[in-house]
Amino acid sequence: MTVEASDRADGSWPRYYDSLTLFSPTRYSPLAGMTFPGGNPDRHPHRDEVVAYLTTYAARLDAHIRTDRRVTAVGRDDGAFEVGLEGGGRLAARAMVAAPDTFGRPHRPHRPHRPDLPA
């Protein structure tokens, strides 16, 4: 089972800026069992390509992906992980991978010299 805070299985990638590219070339970017499309192993895919790849990958998984669920607590109970969810609810799992959303609350400094940019 997968818990995703976003409303989509592709996480936060769709919300990043349009010109974003993956920092590593495609040769180092595939997830298990699915090559990264595009042919050239040295190219750096753009945001929309990464979103399409993650969406396709998630659809191929034999996994239950729960979207719109933010994890608020993790603990251990009788050898299993117990995960608390925002708004209530708990899940139990034998194993867990933590992937914190470091971009969920970005720091946007005040820019008086650039009022056209969001604060």
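The values are calculated or read from the model by the stated rules, or taken from the named source; none is laboratory data. Since the model is a prediction, treat every value here as computed from it, not as a measurement. Here the Cβ is made from the backbone with ideal geometry for all residues, glycine too, and neighbour counts use every protein chain on show.
In the list Arg90, Arg8, Arg27, Arg43, which residue meets the criterion of being touching a strand residue (DSSP E or B) at 6+ places or on another chain (Cβ under 6 Å) and charged (D, E, K, R)? Spell out the reasoning first.
Values: Arg8 fails: touching a strand residue (DSSP E or B) at 6+ places or on another chain (Cβ under 6 Å); Arg27 fails: touching a strand residue (DSSP E or B) at 6+ places or on another chain (Cβ under 6 Å); Arg43 fails: touching a strand residue (DSSP E or B) at 6+ places or on another chain (Cβ under 6 Å).
Step by step, each of Arg90, Arg8, Arg27, Arg43 is checked, and only Arg90 is touching a strand residue (DSSP E or B) at 6+ places or on another chain (Cβ under 6 Å) and charged (D, E, K, R).
Cβ contacts < 6 Å: first residue of a type in the set (Lys, Arg), restricted to the stretch 74-90; second residue in a loop (DSSP other than H, G, I, E, B), any location; separation 6+ or different chain. Result?
none
Of the conditions (1) at pLDDT 85 or above; (2) within 30 Å of Gly89 (Cβ to Cβ); (3) of a type in the set (S, T, N, Q), Thr2 satisfies every one except a single condition; which number is it?
(1)
If a residue has to be among the basic types (Lys, Arg) and loosely packed, with under 12 Cβ neighbours inside 10 Å to count, how many in the stretch 28-78 make the cut?
Here the count works out to 2.
State all residues of the stretch 73-119 that are β-branched (Val, Ile, Thr) and at pLDDT 90 or above; if no residue qualifies, say none. It would help to see each step written out before you state the result.
The first filter runs over the stretch 73-119 and keeps only residues β-branched (Val, Ile, Thr), leaving 74, 83, 97, 102.
Within the stretch 73-119, Val74, Val83 meet the criteria.
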